[in-house]
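Note sheet for the following structure.
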Amino acid sequence: MLRLLPKLPLYWAYRKFGWPMMLPFSIVVSVSYRCNSKCQTCDVWRKPNDDMTLEEWDKTFASIGRGPLYFTFTGGEPFLRKDTVDMALSAYNHCRPAVITIPTNGILTSRIVEQVDRLCVGAPKANIGINLSLDEVGERHDEIRMVPGNWKKAMKTWKALKELQKEHSNLVLTTHTVISNFNIDRFFEVYAGLEFLKPDSYITEIAEERVELDTVGWEITPMAEKYGPIADYLSQKARERRVSGFARITQAFRAEYYQLAKRTLVEQRQVIPCYAGWASCQIAPNGDLWSCCIRAEGAGNLRDNDYDLKRIWRSSAMARLRGSIYRGECSCPMANASYANMLLHPPTMARVAATVVTP
């Protein structure tokens, strides 16, 4: 975070005036749409695949160079690719991010543990966050994920990761729940039912109708009046949680994020300025560059631009996307973009800092 502080005024100017051109400090990489879950909140597993190879990703990360602080490698199920950690290590070697996060459904226990072990060793100066997705408890989780036995396999994976954490001080283990119309009425029971896992951090995200996930029109997003009390409860719990180090910082951001998500659902507008397309972006499995996955509007393809992200970043297509976002023509509570937005919003950062330093 200290690396970012001197750059904040430059991002503010970039969004307002279009200069100086800054590269994103938060990048989401979709490694593949392939998935071994068939969630009731996601249809990405049905999408056709045209995944970039490891060599193509290596060229991309080399073109980006030093600068990004935060990489997320997502899917689909990221660990279905046997080379996902090789991709993450390529990003680390070329870009030197401070944080690398990978979400997982926890089904492929052996592969997940082996790859996480390699990543922790190969990226010793990065915080490695593994987010285990758990939307319910026991067989109810399997019903939402549409995979019998998912819960038991996820528990096996979690136990193995907790053992691995004893060997790697840079490994941060998080449990993650998507709050949707399928589980919102049981959320407090779900929260209580997951506490025995003792994660470093517990995070939630609102189910959204995304172009990326082919869920537009699915009516999976909870109503604001139902989510409001949950957001308040989660913010309180995040502030009360006794954790230290990097997990303490992430919990402070989470406390603010829940309130931001609540206000976004209620007010249906950008509650704080959105920096998607300036400070954050997403790359699709085929190399399309998006401002974010909610709109999933490609500004150009890396394969067509010699794997040079900067060329697309400077393009007129990306400028048009930025103009739409700047005018507030969209709003959403998407977590990845929201964290970048919060880092660039001084009042939010002041509240985060106060939470971190409060005993």
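The values are calculated or read from the model by the stated rules, or taken from the named source; none is laboratory data. Predicted model, so just to flag it, every value in this text is computed and none were measured. Positions of Cβ are generated from backbone atoms using ideal geometry, with glycine treated the same way; all protein chains shown enter the neighbour counts. Quick note on the areas: whole protein, heavy atoms, side chains included, nothing else; ligands and nucleic acids left out. Shrake-Rupley method; radii C 1.70, N 1.55, O 1.52, S 1.80 Å.
Here the relative contact order of the chain, from alpha carbon pairs under 8 Å that lie six or more residues apart, stands at 18 percent. Structure remark: mean-square fluctuation, Gaussian network model of the chain, C-alpha springs under 10 Å; the largest value among 250, 348, 53 belongs to 53. With loop membership from DSSP and a limit of 11 other Cβ atoms within 10 Å, the longest segment of the chain without GluC sites (Glu not before Pro) is 1-166.
Shape index of region 4-135: Rg/Rh, with Rg the Cα radius of gyration and Rh the Kirkwood radius from the inverse mean 1/r over Cα pairs, equals 1.01.
Taking 7 Å steps out from each Cα toward its Cβ at residue 192 and residue 216 produces label points 4.1 nm apart.
For region 222-281, the share of alpha carbon pairs falling in successive 10 Å distance bins from zero is 22, 40, 33, 5 percent. Remark on region 119-165: Rg and Dmax equal 13.4, 39 Å (Cα only).
Rounded to two decimals, the Cα radius of gyration of region 217-332 over 2.2 N^0.38 Å is 1.30. Entry comment: accessible area of region 252-332 is 37 Å² per residue, from protein heavy atoms only and a probe of 1.4 Å.
The ellipsoid equivalent to the alpha-carbon distribution of region 286-359 has semi-axes of 31, 14, 11 angstrom, derived from the gyration tensor eigenvalues as √(5λ) and listed largest first. For region 88-218, the calculated P(r) over all alpha carbon pairs, in 5 Å bins from 0 to the bin holding the longest distance, is 2, 10, 19, 20, 18, 14, 10, 5, 1, 0 percent. With all pairs of different C-alpha atoms in the average, the Kirkwood value for the hydrodynamic radius of region 44-112 is 12.9 Å. Among 339, 227, 191, the order of accessible area from largest down is 339, 191, 227, computed with a 1.4 Å probe on protein heavy atoms. Within the shell of other residues whose beta carbon sits under 12 angstrom from the beta carbon of residue 97, the net charge comes to +4, with Lys and Arg scored +1 and Asp and Glu -1.
Size estimate for the chain follows the Kirkwood approach: the inverse of mean 1/r over distinct Cα pairs works out to 20.5 Å.
The distance from the alpha carbon centre of region 1-40 to that of region 147-198 is 27 Å, rounded to a whole number. Among the cysteines of the chain, those whose beta-carbon sits 4.7 Å or more from every other cysteine beta-carbon are 35, 95, 120, 274, 281, 292, 293, 330, 332.
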